[in-house]
4 protein chains.
Amino acid sequence: MCRWLAYSGTPVRVDELIVTPKHSLIDQSLHSTLGAETTNGDGFGLGWYGVGSSPGVFHSVEPAWNNRNLRELARHLVSPMVFAHIRASTGGPIQQTNCHPFRFGPWLWMHNGLIREFRTIKRDLVLAVDPELFPFIEGTTDSETFFFLALTFGLRDDPPAAVERAVGLIEDVGRAHGIEHPIQMTVATGDGERLWAFRYSSEGSSRSLFVSTAIDTLRAQYPNNPRLWEVGEGTRIVVSEPFGGLVGAWNEVPESSWVVIEPGADRIEAFTPRPPQR
Amino acid sequence: MCRWLAYSGTPVRVDELIVTPKHSLIDQSLHSTLGAETTNGDGFGLGWYGVGSSPGVFHSVEPAWNNRNLRELARHLVSPMVFAHIRASTGGPIQQTNCHPFRFGPWLWMHNGLIREFRTIKRDLVLAVDPELFPFIEGTTDSETFFFLALTFGLRDDPPAAVERAVGLIEDVGRAHGIEHPIQMTVATGDGERLWAFRYSSEGSSRSLFVSTAIDTLRAQYPNNPRLWEVGEGTRIVVSEPFGGLVGAWNEVPESSWVVIEPGADRIEAFTPRPPQR
Amino acid sequence: MCRWLAYSGTPVRVDELIVTPKHSLIDQSLHSTLGAETTNGDGFGLGWYGVGSSPGVFHSVEPAWNNRNLRELARHLVSPMVFAHIRASTGGPIQQTNCHPFRFGPWLWMHNGLIREFRTIKRDLVLAVDPELFPFIEGTTDSETFFFLALTFGLRDDPPAAVERAVGLIEDVGRAHGIEHPIQMTVATGDGERLWAFRYSSEGSSRSLFVSTAIDTLRAQYPNNPRLWEVGEGTRIVVSEPFGGLVGAWNEVPESSWVVIEPGADRIEAFTPRPPQR
Amino acid sequence: MCRWLAYSGTPVRVDELIVTPKHSLIDQSLHSTLGAETTNGDGFGLGWYGVGSSPGVFHSVEPAWNNRNLRELARHLVSPMVFAHIRASTGGPIQQTNCHPFRFGPWLWMHNGLIREFRTIKRDLVLAVDPELFPFIEGTTDSETFFFLALTFGLRDDPPAAVERAVGLIEDVGRAHGIEHPIQMTVATGDGERLWAFRYSSEGSSRSLFVSTAIDTLRAQYPNNPRLWEVGEGTRIVVSEPFGGLVGAWNEVPESSWVVIEPGADRIEAFTPRPPQR
């Protein structure tokens, strides 16, 4: 599958997130410990907000660990919201249009997991995408089709409800084709203001997902750590796999739930797929 | 648009076809004289028959003129049927799955031209592809969708009829969306035994297409040219743009017609789109 | 050869420099009008100052005109000093380490032109590079060797003198090997504070080079153009080939001269190679 | 480091060597068990003899496990002598000119291991390359410099002596710079007729190397295995790491020795570096 990281908070140099930590995302591209695979070398992507109204994206088919451009960008970009993803393909071609994060307007989307037997049900799923949105599909992955289903079902208005409806459809179509557990997922999506993360799988045994502890809690625990006073209180990181750091800094997101990172209070709520009504 | 070459005949080293001629396909990638664009630098592809029952394909997103692997392969492959294509994108992403020739079983397919306003009518066209074939679509181009429509309409049994039906559908769908001239095309397709080439456009003003003169005719004209005695009588080349050589060696394929290169007599016949019946 | 652009002044979004102008550098990658070649499709590079003490660089072997990552970066980077280069190889391999701008510490370097018969004299030139600097050579081009010769001869202290000594050596070595006109060049180099550009060739017939007119002069000429009031007075662009815009905005840099863009008064002075003393 | 395979014998389809075996070289690119690293994802290369007098080479910077062109070529090439290499960079840039096998005329060369502190001693080693050969160095690796030293010292006439002299020089230069164990290596080289393999390291603890058992020995051991009767008696495979198959099929090459595979009797002899004489 894949590994990913999403950051929201005080503007940060991107390499502090994905390069310099001991078990950084770039290290995880060679040596993932919690992922379905050790190696995540089938391309990568970076999305960041800052200049202009829509985020920038950088995609490459090369492994993250040996890509010079990625290190250059990471060292020279500062951003308050960052998405980063390393891919381990479950079969689709290795090409930039299949690299996460995917973008539509101000929205970014990235996914770890898969839609099972996607080749079998792809046609049905693609037909369910709003015909107005259909021309904007650029690649061939299950993850991007999932994004466009979520957009079709109202991602821009109510992300949790839209993802619940998209997953409901995927499970409905999958089961109609005899697929026992149609979807396995952690997902991050955001619009530059707020950030949502989802953890779910049809089999109730989902890929790992962690959210960083609130900064004020960490400050109470580590009162002498100066780095904790440099970042604002709303700063949070959501990751497939912790990249090290302070003990107590990472909290597992519960099975079948979603998180929103936004100014004010963060929330974790239950995730319940909504099958289509007939 | 693009430039392409298809060869059938006495096994030949591929570089004699695409590298060493004065105005070779590789030269045309930088300096096309008859194409819609001078530069065809948006990737390329090579298909060849020989080892095994299905053809080999080699695709790259880099320009043909500076690709070392292409020159290496061309110098070290000998084949009796070769397809080569250089791409000038009309908008689709530059990725290997969008490079021609496309392959399905023993069939290769390549296209110069475009389906106009493809983004608008792609959904309707893709829906017309046989659901059994749908999962084998790998890229996102108009040309590959066209290939899968032809497969849907019987390419493997009767190529000219299948292409006529595919073009009939494309024109029908296009005009229903108010597109005046839905398709512009030259196409080559083959299965390792026989080779078909098509020249057509909705506006009746199609991209150039040439077929080489029969070897025995050339021998009569150039009795002292030893190269003409080294190749068998059935040897033929079909090209978007002649790559030089003997005067009288190239014959323009007429507007709205198709050619088949096969053992025995070659044929040129009229091409007439067959719209779907309701 | 190549085309390049160097910018110094009010921080600017990079796409305003290289993407949106009518005859932008990206347009020149397909349709150069003043270059030695029409097509500059053998890779490209971008260098920019901003975050951190040394500049960021982004290199790719693909043509600039179809590279999505370049457009993404250009749209999302703002910088007060930008180097951009599109390459037309004179023979060296197409690889990222051969893409300009080259970097050493805070210094960037890019070159249009060539060292003639470089294969013949490369060994002698490389031997003249300071052994302490030698390990930092990453690619195989004449242009990078030229950069390291300039560094060897004091680029970091006195750029014009260092380039004059490097060119003196190249001409000396070249002529010792019977090469009539050893070098053809326009060069840009800078350290984030100041920017130097050079125009010279052994034959006295150098590639084109232009510097933009001072902003206050343009304001006097076009008093109603609001864009001219948004940029600071020291803003200047140096280019191989003007990318359009206002009449009178571009001034040819004279044959055999160099320019420095720095706070205060810009200067143009004569360039005179300094052969090694024996 | 890296993994490699060299084959000499009855013409074979390349995928039977590098794709279809259970623990094939492509599998080893993700899951090496005997290598210094598990992952060998920093590019790969293929060299093969067949058409023309010099071998074909195919190089890519992408990982072998996800490269479609490699699988295509492997399935459609038949050759009596094949070199294949997967790279795990020890620091040099990931670019095609740094991919093994390297070629010079009919000679191929590939290396697993490294010259330690190569940046420190590269200048001295490069200076020892014959000035006539110097211009043909294309990349920047220790392995290619090693190849050109071997060529300088007579590889084309007496490969074992030439490699012994090259290693003698590398150790001599390395130790003069205080490097305790200057070289670690397994090497394969050949000219299309004969194939040599070397196993050596300054520290006397070299990377693994295996040669396949003679076919007639295997036939005696497995009289009912039909595959063993399809290949000729001289057929041999040399590998960094066995790729599975019959028990008893692989023999470790002893520490500090070299092997030649040639018509008639194969030989294994001691390898003794020859330092330069002063």
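The values are calculated or read from the model by the stated rules, or taken from the named source; none is laboratory data. Worth saying up front: this structure is predicted, and the values here are computed from it rather than measured. Glycine also receives a Cβ, built like all others from the backbone with ideal geometry; neighbour counts cover every protein chain displayed. The accessibility values were calculated without ligands, DNA or RNA, using every heavy atom of the protein model including side chains. Shrake-Rupley method; radii C 1.70, N 1.55, O 1.52, S 1.80 Å.
The table for this structure:
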read-out	value
Accessible area buried, both sides summed, chains D and B with 1.4 Å probe, Å²	1800
Descending semi-axes in whole angstrom, ellipsoid equivalent of the stretch C:103-213, from the Cα gyration tensor	21, 19, 11
Cα Rg, Dmax (largest Cα-Cα span) when computed across the stretch D:127-278, Å	17.6, 59
Three-way shape call for the stretch B:1-120 based on the alpha-carbon gyration tensor, with the a/c threshold at 1.5	oblate
Kirkwood-Stokes translational diffusion coefficient of the protein assembly as shown, alpha-carbon pairs, 37 °C, 0.692 mPa s, µm²/s	103
Gain on full stretching of the segment that runs from B:Asp158 to B:Thr272 - 0.36 nm per residue minus C-alpha separation	39.6 nm
Residue-count net charge about A:Val238 - beta-carbon cut-off 14 Å; Lys, Arg +1, Asp, Glu -1	+2
More than 37 angstrom apart: percent of Cα pairs within chain D	8
Mean-position separation - Cα centroids, the stretch C:61-129 and the stretch D:195-243, in angstrom	46
Contact order normalised by residue count of the stretch C:142-235, Cα under 8 Å, 6+ apart, percent	15
Area accessible to solvent at C:Met185, 1.4 Å probe radius, in Å²	0
Summed residue charge, Cβ within 9 Å of A:Ser54's Cβ, Lys/Arg positive, Asp/Glu negative	+2
For the stretch C:129-137, Karplus couplings with θ = phi - 60° (6.51, -1.76, 1.60), whole Hz, Gly/Pro x	6, 3, x, 5, 8, 3, x, 8, 5
Share of carbon and sulfur in the accessible heavy-atom surface of the stretch A:216-278 [1.4 Å probe, %]	56
C from D by rotation - nearest chain D beta carbon to the axis, in Å	D:Gln95, 2
Three-way shape call for the stretch A:61-156 based on the alpha-carbon gyration tensor, with the a/c threshold at 1.5	oblate
Gain upon complete extension [C:Tyr222, C:Arg119; 0.36 nm per residue less C-alpha separation]	32.1 nm
Estimated translational D of the stretch D:170-212 in µm²/s (Stokes, Kirkwood radius over Cα pairs; 20 °C; 1.002 mPa s)	181
Estimated translational D of the stretch B:179-242 in µm²/s (Stokes, Kirkwood radius over Cα pairs; 37 °C; 0.692 mPa s)	235
Accessible surface, the protein assembly as shown, averaged per residue in Å² (probe 1.4 Å)	36
For A:Gly244, label point 7 Å along C-beta direction: distances to other copies, nm	3.6, 5.0, 5.9
Highest-MSF residue in chain B out of B:Thr186, B:Thr140, B:Thr152 [GNM, Cα springs under 10 Å]	B:Thr140
At most 13 other Cβ within 10 Å, DSSP loop - GluC sites (Glu not before Pro), the stretch B:88-186	B:Glu132, B:Glu180
Minimum 30 Å² accessible area buried by the other protein chains, the stretch D:4-50 residues, probe 1.4 Å, relative to alone	D:Thr39, D:Asp42, D:Trp48
Using a 7 Å Cα-to-Cβ projection, C:Pro11 label spacings across copies, nm, ascending	0.6, 6.4, 6.5
D:Arg207, C:Arg75, C:Arg199, reordered so the largest accessible area comes first (probe 1.4 Å)	C:Arg75, D:Arg207, C:Arg199
Most fluctuating residue given options D:His85, D:His111, D:His177, as computed from a GNM of chain D linking Cα atoms under 10 Å	D:His177
Solvent-accessible surface ranking, highest first, for D:Asp191, D:Asp42 at 1.4 angstrom	D:Asp191, D:Asp42
The stretch B:89-151 - charge dipole about Cα centre, Lys and Arg +1 at Cβ, Asp and Glu -1, debye rounded to 20	160
Helix runs (DSSP H) in chain D reaching 24 Å along axis by Cα, Kyte-Doolittle at least -1.0	D:159-176
Carbon/sulfur fraction of accessible area - the stretch C:19-126, other protein chains in place, 1.4 Å, %	51
Theoretical FRET efficiency, 1/(1+(r/R0)^6), r = Cβ-Cβ of A:Ala265 and B:Phe134, R0 41 Å, to 0.05	0.35
Estimated 222 nm signal from helices in chain B, with DSSP H stretches of n ≥ 4 weighted -39500 (n - 2.57), rounded to 500	-7000 deg cm²/dmol
Exposure ranking of C:Lys122, C:Lys22 by accessible area [1.4 Å probe, largest first]	C:Lys22, C:Lys122
Positions from the stretch A:114-128 whose accessible area shrinks by 40 Å² or more when the full protein complex is built, not the chain alone, probe 1.4 Å	A:Arg119, A:Arg123, A:Leu127
Distance histogram in 10 Å bins (all Cα pairs of the stretch B:115-163, percent per bin)	28, 56, 16, 0
Per-copy distances of the B:Asp158 label point, shortest first, in nm (7 angstrom along Cα→Cβ)	5.5, 7.4, 8.6
Computed accessible area, B:Asp216, all protein chains, 1.4 angstrom probe, square angstrom	80
